[in-house]
1. So what is the relative contact order for the chain, in percent, with contacts set as C-alpha pairs under 8 Å and at least six apart?
2. Could you tally the net charge around L254, taking each other residue with its Cβ under 9 Å from the Cβ of L254, Lys/Arg +1 and Asp/Glu -1?
3. With label points built 7 Å along Cα→Cβ from the Cα atoms of M343 and N232, find their separation and express it in nm.
4. Looking at V33, A13, C57, which one has the Cα that reaches farthest to the positive end of the dipole of region 1-87 (charges on Cβ: Lys, Arg +1; Asp, Glu -1)?
5. Projecting each Cα onto the charge dipole of region 186-226 (Lys/Arg +1, Asp/Glu -1 at the beta carbon, about the Cα centre), which of L196, L225, V208 comes out farthest on the positive side?
6. Determine the gain in length on full extension of the stretch R303-R350; use 0.36 nm per residue of separation and subtract their C-alpha separation, reporting nm with one decimal.
7. Label A261 and E25 with points 7 Å out from Cα along Cα→Cβ: what is the distance between them in nm?
8. Over region 219-317, what relative contact order in percent results from Cα pairs under 8 Å that are six or more residues apart?
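What follows draws every value from the coordinates through simple rules; no lab data is involved. The structure presented is a predicted model; accordingly, all values stated were derived computationally and were not measured. Note that we place each Cβ from the backbone using ideal geometry, even for glycine, and neighbour counts take in every protein chain shown.
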Amino acid sequence: MASIIEGLGGVPAGYAPLLSLTPAEIGKHQQIVLIVMDGLGDDFLSRIGQNTRVAECRRDRLTSVFPSTTAAAVTTFLTGLAPQQHGLTGWHMFFRELGAVLAVLPGVPRYGGVSLRQAGWDVPRFFGHRPVFDLLPVASRVVTPAQIAHSDFNLAHLGRAKSEAFDTLEGFFAAIAGDLSHHEDRRFVYAYWSELDHIAHESGIFGVAAERHFKRWDRAFDQFLQEMSGTNSLIIVTADHGFIDTDESHTVDLADHPHLAECLALPLCGESRAAYGYVKPHRSQSFEDYVHEQLAHAVELHRSDDLIEQGWFGLGSPHPGLAARIGDYTLVMKENYVIRDWMPGKHRHRQVGVHGGINAAEMWVPLAVVAV
């Protein structure tokens, strides 16, 4: 994002640009299009995406942020900041100022209920982020699926950009192309595709459905590049995270560990691959002992404040609320293990594909670049 911001004439917020995609290269083009394909890991592309147009355009690979999940990484795309500064660190997060655990992207309490906006909150002020589109001295458009285009989260990060919604694959690329060939002014388009992530969660990243979907998307992408030819555009394709597949034998269910659950002051937050534990002060040693003695095969246990100091969430000064949002301990799951903490009465759905941890397949995403 530092490369894009600087290349479009803005001032990035403390992070160095890429060597493999420099601001100078971006500055040569009239139109910059950033396509984020949710869940497109570099491992998946190398194994499933061979002989595809995206693979042909692949220039490099990038790491995701930590945790390697949409709530954290998409916020980085929309702000130019790492989680260290933007402070969003997982799907389920405890917000001290609300006294509640939220599902961050839909903006609703974990137990259900109305969104922040419906509850009367000023959502942009609540998040406190300056959208990347307000850092750029160019016109911007945001292309997102219709079902989330007007969500609290998306509206809070829209800034001066124009929003365009779509319902189909054809509509996605048509919305990106839009009026790019009809303006002399520079333009930036951020486009988000979510369907691969949904399929991978349901049936696995290496299932037939994910492969079939990606190759259909790739054919549409190739046609899009042909249609954009001659527009002096730089098309960038990357992702928020990759995926690994898991199974029941690699699931740690908190209900099977009542002693561990008893140590917690709140439900586990974060992700099934990187969970935040808010531990009762007098149970800290008991919590540590249990994890080391009973779950060492599945869990790498860290004190959460150590991860801030070690730079897991990013560089520089942290968001003022970061420490409160990652609990006392972070349970980083090993291999393809996950940990589940179910709300009473809620449907227990099993995800085959998962992400959020530090496995290479979760962390590495491709960087594909093509000038047209």
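1. So the answer I get is 28 percent.
2. Net charge in that neighbourhood comes out at -2.
3. 5.1
4. Toward the positive end, the furthest listed residue is C57.
5. Checking the options against the dipole of region 186-226, the answer is L225.
6. Between R303 and R350, full extension yields an extra 14.1 nm.
7. 5.1
8. 15 percent.
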